[in-house]
Amino acid sequence: MSELQQTPAVRRIGLVEDHESVAIGLAAMLGPEPDLDLVATADTVSGLLAADAALDLVVLDLRLPDGSTPEDNVTALRERGIEVLVFTGADNAFLVRSAAKAGVLGVLRKSESVATVVEAVRRAASGEQVVTTDWAAAIDGDPQLSDVGLSPRQEEVLMLYASGEKASRVARLTGLSEQTVNDYLGRIRQKYADAGRPAPTKTDLYKRAVEDGWLPVPERQQRT
């Protein structure tokens, strides 16, 4: 007599995503899978946790309408014993790194094939790491300002200037001369260029400061 096939355990999945089309798409992907049950969906982590559903895994978008950070969201979920798989456009390296460092099981692009998404959810729901190029880059390629080699004073100048202050205003706030501020900015740009992360414009400096966590990620505007 042949051995009876063991019925796979059903994994309960939650989704935190504020785009209805993505939620519908994931539901359609997981619907045919008998071992994966999408039981709860919300547009914020706090909303999902308020539903108090028993979950094995949460599939998490990085940009949410409440302005919450990926690190705080991952921490809140893991404190409840829920593992996390990031599902993102992966368009912001700082957000991906923040989530990866908080202990997610993987980082998955929304552009992946249905088969890839389903398999990644299945593995993560079973507690396995889902190693992708984005996840590995987030773990191994974490540029910090110390790696760029800025002094504390240069970091201060960068944060003020990149946040929108003019050089003259930065000089007044730091007690430096305007010429010294401009010299610092020139050295900062050179150090970023030497690190392979050029920042020739003020907008570029702002992007570098956000990537490295010295300035907050801007909140996405609410859709009307």
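Placing unit charges on the Cβ atoms only, positive for Lys and Arg and negative for Asp and Glu, gives region 11-140 a dipole magnitude near 220 debye about its Cα centre. As a calculated quantity, the FRET efficiency between Q179 and D204 at R0 = 30 Å, using C-beta atoms, amounts to about 0.85. Estimated from helices alone, the mean residue ellipticity of the chain at 222 nm is -14000 deg cm²/dmol (sum of -39500 (n - 2.57) over DSSP H runs with n ≥ 4, per residue).
Across region 50-59, rounded Karplus estimates of 3J(HN,Hα) from the backbone phi angles (6.51 cos²θ - 1.76 cosθ + 1.60, θ = phi - 60°) give 5, 6, 6, 7, 6, 10, 8, 8, 10, 8 Hz, Gly and Pro being marked x. Relative contact order for the chain: 15 percent, from Cα pairs under 8 Å spaced at least 6 residues apart, divided by residue count. Go ahead and run the numbers for FRET between E128 and H19, Cβ-Cβ distance against an R0 of 25 Å, rounding to 0.05. For E128 and H19, the calculated efficiency is 0.40. Average projection, convex hull of the Cα set of the chain: 15.6 square nanometres. Extension gain, A9 to V39, is 9.3 nm, computed as 0.36 nm per intervening residue step minus the present C-alpha separation. Fully extending the segment from D52 to D66 would add 3.1 nm, taking 0.36 nm per residue of separation and subtracting the current Cα-Cα distance. Using C-alpha pairs under 8 Å with a sequence gap of at least 6, the mean separation divided by the residue count of region 1-128 gives a relative contact order of 24 percent.
Placing +1 on the Cβ of every Lys and Arg and -1 on the Cβ of every Asp and Glu, with no other charges, gives the chain a dipole of roughly 900 debye about its Cα centre. Sorted on the mean count of surrounding Cβ atoms within 10 Å across their residues, most packed first, peptides 117-126, 76-85 read 117-126, 76-85. Amide hydrogen proximity for V84: with H placed 1.01 Å from N in the peptide plane, the residues at 5 or more positions away or on another chain lying under 5 Å are V58, L105.
Each reported figure results from applying straightforward, stated rules to the coordinates on display, with no laboratory input. In this text, all values refer to a predicted model and were calculated from it rather than measured experimentally. Reconstructed Cβ throughout: ideal geometry from the backbone, glycine too, with neighbour counts over all protein chains shown.
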